[in-house]
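For reference, the structure discussed in these notes is given below.
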Amino acid sequence: MTPGKSAETARPARRRLSVDRRREELMAAALELFSTRDAEDVSIDDVASAAGASRALVYHYFGGKQELYVAALKSAAEQLESRLRPQGGGRPLDELASGLRRYFDFVEEHATGFAALLRGGPADRAGEVGEIVDGVRQRLFRLIQKQMRVEEPSPVLRMTLRSWIASVETVGLDWLERRDIERPVLEKLLVEHMVALLRVAAAHDGEVAGLLERLA
């Protein structure tokens, strides 16, 4: 066997994948990297190496790192939002608990996507990236509104719900990092946290007081 032939044989064959499948693999590799490192610290070469692809191929599909970053985050956001579609039919707090179970199903099954979506400081929240993250939060907010049968929340209720959503995000990241509490306990804690926040808000807003009575 000639030296050229031996080198060719030793090189692993690149798999032939459909366009969609190859894009998915590149985005999955990118999410894995973006979930543990700041976006500016991840290069196209890093993504190509993690995905077993060439640098040229990444540029072919995405044009550059920012385009890849946005596409990867959009993919994670769409997967999360699909889990949060309302089921309906139950009591508001039961529906909230059900929504939390689906939320943490996503957190557990797609840890890298969740971490990449929420990780980073204000510098990572401008432009398209900020719109993606804010879009997820707004849809979650509207879902909770629907579950609680609230048409137009008062300022006090709006701020209460938004603060709870921020707590859920923080708890999700903390749980992924440590996993030192059982998921059912965590989900129950968050439902009770919502009720506690509403009780505090009810002392300052009659609409929230009425909502709390309906929930009880």
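The values are calculated or read from the model by the stated rules, or taken from the named source; none is laboratory data. Keep in mind the model is a prediction, meaning the values are calculated, not measured. All Cβ positions, even for glycine, are placed from backbone atoms using ideal geometry, and neighbour counts span all protein chains on display. Heavy atoms of the whole protein, side chains included, go into the accessibility calculation; ligands, DNA and RNA do not. Shrake-Rupley method; radii C 1.70, N 1.55, O 1.52, S 1.80 Å.
Some points to look at:
- Number of the condition not met by Val195 [criteria: (1) modelled with pLDDT under 95; (2) β-branched (Val, Ile, Thr); (3) part of a helix (DSSP H, G or I)]: (1)
- Taken over segment 1-37, the criterion of being open to solvent by 70 Å² or more (accessible area, probe 1.4 Å), assigned to a helix (DSSP H, G or I) and at pLDDT below 75 is satisfied by Pro3, Lys5, Glu8, Thr9, Ala10.
- Residue, surrounded by the most Cβ atoms within 10 Å (Cβ to Cβ), within segment 79-107, restricted to residues that are acidic (Asp, Glu) and either touching a helix residue (DSSP H, G or I) at 6+ places or on another chain (Cβ under 6 Å) or at pLDDT below 90 (or both): Glu95
- Conditions (1) within 23 Å of Gly127 (Cβ to Cβ); (2) part of a helix (DSSP H, G or I); (3) under 19 Å from the mean Cα position of the chain (by Cα); number of the one not met by Arg102: (1)
- Any hit, segment 120-127, residues being part of a helix (DSSP H, G or I), at pLDDT 85 or above and farther than 15 Å from Glu32 by Cβ: no
- Search result, residues across segment 46-78 that are open to solvent by 60 Å² or more (accessible area, probe 1.4 Å) and aromatic (Phe, Trp, Tyr): Tyr59
- Selected residue [open to solvent by 10 Å² or more (accessible area, probe 1.4 Å), at pLDDT 85 or above and not in a helix (DSSP H, G or I)] from Val150, Val136: Val150
- Verdict on Asp174 being over 19 Å from Glu81 (Cβ atoms), in a helix (DSSP H, G or I), open to solvent by 60 Å² or more (accessible area, probe 1.4 Å) and not aliphatic (A, V, I, L, M): yes
Residues checked against (1) of a type in the set (A, V, I, L, M, F, W, C); (2) free of Cβ contacts under 8 Å to residues at least 60 places away in the same chain:
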| residue | (1), (2) |
| --- | --- |
| Ala72 | yes, yes |
| Leu80 | yes, yes |
| Arg83 | no, yes |
| Pro92 | no, no |
| Glu95 | no, yes |
| Arg101 | no, no |
| Phe104 | yes, no |
| Val107 | yes, no |
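- Answer from Glu192, Glu207 - the residue that is touching a helix residue (DSSP H, G or I) at 6+ places or on another chain (Cβ under 9 Å), acidic (Asp, Glu) and either more than 14 Å from Ile144 (Cβ to Cβ) or open to solvent by 80 Å² or more (accessible area, probe 1.4 Å) (or both): Glu207
- Filtered by the rule that a residue be in contact (Cβ under 8 Å) with a residue 40 or more places away in the chain and either exposed (fewer than 12 other Cβ atoms within 10 Å of the Cβ) or closer than 17 Å to Gly90 by Cβ (or both), segment 177-189 gives Glu187, Lys188.
- Residue match in segment 156-163 (condition: free of Cβ contacts under 8 Å to residues at least 24 places away in the same chain, at negative phi, open to solvent by 40 Å² or more (accessible area, probe 1.4 Å) and of a type in the set (Gly, Ala, Ser)): no
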